[in-house]
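Quick notes on the structure that follows.
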Amino acid sequence: MKQYLDINDIENLPETIKEAIELKKEPFKHKELGKNKTLAMLFFNASLRTRLSTEKAAKNLGMEVMVLNVDSAWNLEFDEGAIMNLGTAEHIKEAAQVLSQYADVIAVRAFPGLVDREQDESEQVLYGFQKYATVPVINMESSTGHPLQALADAISIEELSFKKKPKVVLSWAPHPKALPHAVANSFVQMMQKREVDFFITHPKGYELNPEMVKDVKVYYDQEQALEDADIVYVKNWSSYKEYGKVLNTDNNWMLTKEKVGNAKFMHCLPVRRNVVVEDAVLDSENSIVIQQANNRTYAAQIVLKKMLEEL
Amino acid sequence: MKQYLDINDIENLPETIKEAIELKKEPFKHKELGKNKTLAMLFFNASLRTRLSTEKAAKNLGMEVMVLNVDSAWNLEFDEGAIMNLGTAEHIKEAAQVLSQYADVIAVRAFPGLVDREQDESEQVLYGFQKYATVPVINMESSTGHPLQALADAISIEELSFKKKPKVVLSWAPHPKALPHAVANSFVQMMQKREVDFFITHPKGYELNPEMVKDVKVYYDQEQALEDADIVYVKNWSSYKEYGKVLNTDNNWMLTKEKVGNAKFMHCLPVRRNVVVEDAVLDSENSIVIQQANNRTYAAQIVLKKMLEEL
Amino acid sequence: MKQYLDINDIENLPETIKEAIELKKEPFKHKELGKNKTLAMLFFNASLRTRLSTEKAAKNLGMEVMVLNVDSAWNLEFDEGAIMNLGTAEHIKEAAQVLSQYADVIAVRAFPGLVDREQDESEQVLYGFQKYATVPVINMESSTGHPLQALADAISIEELSFKKKPKVVLSWAPHPKALPHAVANSFVQMMQKREVDFFITHPKGYELNPEMVKDVKVYYDQEQALEDADIVYVKNWSSYKEYGKVLNTDNNWMLTKEKVGNAKFMHCLPVRRNVVVEDAVLDSENSIVIQQANNRTYAAQIVLKKMLEEL
């Protein structure tokens, strides 16, 4: 694998999911593969789960890991021909090339500003590293996608071993803050590639990017959408049309035990209890959120493994 | 060992101290024990000595170490049934369970606020991790205790090889800032379990928690307390009664060469020179503070070793 | 090697440069050398290249690495006999001795304030660690020098394999911010020890410390200085005489394709494009800045190797 910027970079998805499940059984089996190889993890935004699971994955493969929390301290320039006499101190050209001298794989997290849609969608940090790095680049959540999460989600669904094609519903939930679309986008993309019946439900005004949704059926009526669901994936996102705005915090959209019924409950975490979903769901046996978090390690590990095999 | 929240979690203290001294002679002897095991270190407050000595200890045992400086960035919820629509973004239930997916041992540092005694004594961070984590938890200094320091202190005293039962005095010292009770508490608890004659001295108003002090004799007259002492352990703490207040910065309580006489001098560091203790004491041969700091490694290592042996 | 505070600590420079070039061919050859040895890296200022390349170097040698970003959080006292009742919480005496308990080599970065020349030149952080640490200390850029950079520069020049003695010119460049003298100083010192014809060019008022420059010829006319140059090393620094001041941001001093001609272009990075040097130079085949950055690893690695061999 030459890069993992979005889920389309996975060549054979069903096979990759199976391999990840195999890895989970013997996580240290390929520890020789990463010997003398280094993963540099660059966080332009804070991280907990992604940081720890990706670091764990790399070390399971015997890699060295260098974590760099650059926050806003590293003021990169992205424009060609810029006269850098203001706030930016280093051009992405040098930054990416230099990092490629010290690492065999570079993983990058850079969140959207949620103010200027066009700028966010240009993914200048992620694509800047892709363009100029001379080693494989991994997306650890960018403006528009979180493909490591989506792969962990797919692994978690596979592990549920449904005998029939399960009905999967992505349901928007209220949240006091404006959140990115990345997790929802990647999950929507992923479900379209899997053997599932997939639906989305959210209030009017919360339509996701139509290029992601394509012909997935969208319900504005949550109850109708959730009927006979096998899996309910809950996630908040801010408006895409009125970009980055919180239009609605109607707690009628919170997922309850009654609504979820016997369906499995998924969420990428962190989750605000009794706002996004009530305690009774999270604390029930139908919640697989901890298993999902665990699978983050094996999602990262299968991606790193495929990269190491081609180095 | 299933957890190390306070010194009472050590089953056989004399034996454990002896084993730590053995470890110090051959720190890398058990490097196979921690193979493919990971320690996650969570710092809700800054750390230098504890960070480096515990990381060193884990690596001496062959463990992988993941350090997370969460500071105030990780706003955890601790209340059952909370509606998380305000500042908190993740419940300790998920936080602890998720971390347990990525680490085999979790070590946590969380200082007291020194404003609300009841809240500090509820130890919500430490006990939250204890309750929900599915792996062993280590206290790297909480509101009420610093058991790794106390174990290092006990190791240091053992290494002094007194032939008779030594007289140990914990002496309060002035300090411009309000400091926690954790180090003093754990030292007081530890001394009550060792073969020493133990006394405490401090100005009126600086009485420690009576549940810690029990029937240890307390002097308000420092000179009287220090008479014929073999070991003087100096430490500042803020008032416990008038919780978190600095009542007194009387520099007559500073430890001097004259007062300490031929006794060994101990302090957990960092120490404010010529405020807590004068240069002449710290720079004398009777100061064992550097050796004490070194023993932090072996205190952490014996605790980790006992945990790894039961994993 | 007992310390690497400045380039004079290298005993046999030509041999050391050759050994570094050998290391680069087989970076993992000496992985047994650093087994069970720990490098502690202390950053009082932010770092990217130095952090990653030095960490990489240590791991190439099999060392464990502990990175501590202390920023301004660790308020050290440097004065003998100080009464520490104000802002400082730990004396360098304890700090350095304690760190020496946890690490086999200590590397320190501490930038100048660029306000008080005498204070900056006293190098209290670096020399404080040198004085009190009981293990070797490495300078990862101090007020007055950046010897790891200078060694990487010398390696890079050696790799160019000039058949005749090359003409090397250090050319000042404009920059909007006041920058330290460390890189320029160490490069000037290094060039005086190499088989090169070395010249410096800068506007009036930007004279470097005469103790560094000694009898190196200085031109105020950049064009004249660059004539027939084989290597142009560009770097900004603030005024030394009017200490820390930006006297001139005349962009006529920016290095252009026309000025550099066929000479090789060097810079320590990060570099402000089209302010310090124009795109056409950086993007040309004559720029060796990425190779220079890569050599930072081998400069650090040869220094660490020589230290480990004497431990």
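Across the stretch A:104-120, computed HN-Hα scalar couplings (Karplus, 6.51 cos²θ - 1.76 cosθ + 1.60, θ = phi - 60°) run 9, 9, 10, 10, 10, 10, 8, 7, x, x, 6, 10, 10, 4, 4, 5, 4 Hz from first to last residue, x flagging Gly and Pro.
Peptide C:15-23 is shielded by partner chain Cβ atoms: per residue, an average of 0 of them sit within 10 Å of its Cβ.
Within chain A, which complete DSSP H helices have Cα atoms spanning at least 27 Å along the helix axis and a mean Kyte-Doolittle hydropathy of -1.0 or higher? Qualifying helices: A:289-310.
Chains B and A together bury roughly 2400 Å² of accessible area, counting both sides, with a 1.4 Å probe on protein heavy atoms only. In order along the stretch B:265-276, the Karplus-derived 3J(HN,Hα) couplings, from 6.51 cos²θ - 1.76 cosθ + 1.60 at θ = phi - 60°, round to 10, 10, 7, 7, 6, x, 10, 7, 5, 6, 10, 7 Hz, and Gly and Pro are given as x.
Inter-copy label distances at B:Lys257, shortest first and taken from points set 7 Å along Cα to Cβ: 7.2, 7.2 nm.
When each of the peptides A:199-211, A:102-114 is scored by how many other beta carbons lie within 10 Å of its residues on average, the order from highest to lowest is A:102-114, A:199-211. Annotation: per residue accessible area for the stretch C:161-287 equals 44 Å², rounded to a whole number [probe 1.4 Å, protein chains only]. Residues in the stretch B:219-225 carry Karplus couplings, in order, of 10, 8, 9, 4, 4, 4, 5 Hz; the curve used is 6.51 cos²θ - 1.76 cosθ + 1.60 with θ = phi - 60°, and Gly or Pro positions show x.
Protection proxy ranking for A:184-193, B:213-222, C:189-198, using the average of other Cβ atoms within 10 Å per residue and placing the highest first: A:184-193, C:189-198, B:213-222. The separation of the stretch A:7-41 from the stretch B:211-227, counted between C-alpha centres, amounts to 61 Å.
Tell me the carbon and sulfur percent of the accessible area for the protein assembly as shown, rounded to whole percent, probe radius 1.4 Å.
44 percent
Rounded, prolate or oblate: which one fits the protein assembly as shown, using the alpha carbon gyration tensor with axes a ≥ b ≥ c (rounded when a/c is under 1.5, else prolate when a/b beats b/c, else oblate)? Judged from the Cα gyration tensor, the protein assembly as shown comes out oblate (a/c at least 1.5, b/c at or above a/b).
Please average, across the residues of C:91-103, the number of beta carbons from any other chain that are within 10 Å of each residue's own beta carbon, and give a whole number. Don't skip to the end; give the middle numbers.
Details: counts 8, 0, 5, 11, 4, 0, 5, 12, 4, 3, 12, 13, 2.
Average neighbour count from other chains, rounded to a whole number: 6.
Pull out a ≥ b ≥ c, the square roots of the eigenvalues of the alpha-carbon gyration tensor of the stretch C:180-302, then state rounded if a/c is under 1.5, prolate if not and a/b is larger than b/c, and oblate in the remaining case. It is rounded, given that a/c, with a ≥ b ≥ c, falls under 1.5. Between C:Phe28 and A:Ala73, the FRET efficiency from the beta-carbon distance, with R0 = 41 Å, is close to 0.85. Inter-chain neighbour count for C:44-51: the average number of beta-carbon atoms from partner chains within 10 Å of each residue's beta-carbon is 3. Under 5 Å between amide hydrogens, built in the peptide plane, is the criterion, and for C:Val67 it picks out C:Met41 among residues at least 5 positions away or on other chains.
Distances between copies of B:Lys2, taken at a point 7 Å out from Cα along the Cα→Cβ vector and listed shortest first: 5.4, 5.4 nm. Sorted from nearest, the other copies put their B:Ser122 label points 4.8, 4.8 nm away, the label point being 7 Å from Cα in the direction of Cβ. Provide the FRET efficiency to the nearest 0.05 for the C:Lys18-C:Ala46 pair, computing r from the beta carbons and using R0 = 35 Å. Result of the calculation: an efficiency of 0.60. Let a ≥ b ≥ c be the square roots of the eigenvalues of the Cα gyration tensor of chain C; is it rounded (a/c under 1.5), or, if not, prolate (a/b larger than b/c) or oblate? Note, shape of chain C comes out oblate.
In whole percent, what relative contact order does the stretch A:8-95 give with Cα contacts below 8 Å and a gap of six or more residues? About 26 percent, as a whole number.
The values are calculated or read from the model by the stated rules, or taken from the named source; none is laboratory data. Since the structure is predicted, the reported quantities are computational estimates derived from the model, not experimental observations. Positions of Cβ are generated from backbone atoms using ideal geometry, with glycine treated the same way; all protein chains shown enter the neighbour counts. With ligands, DNA and RNA removed, areas are computed over all heavy atoms of the protein, side chains included. Shrake-Rupley method; radii C 1.70, N 1.55, O 1.52, S 1.80 Å.
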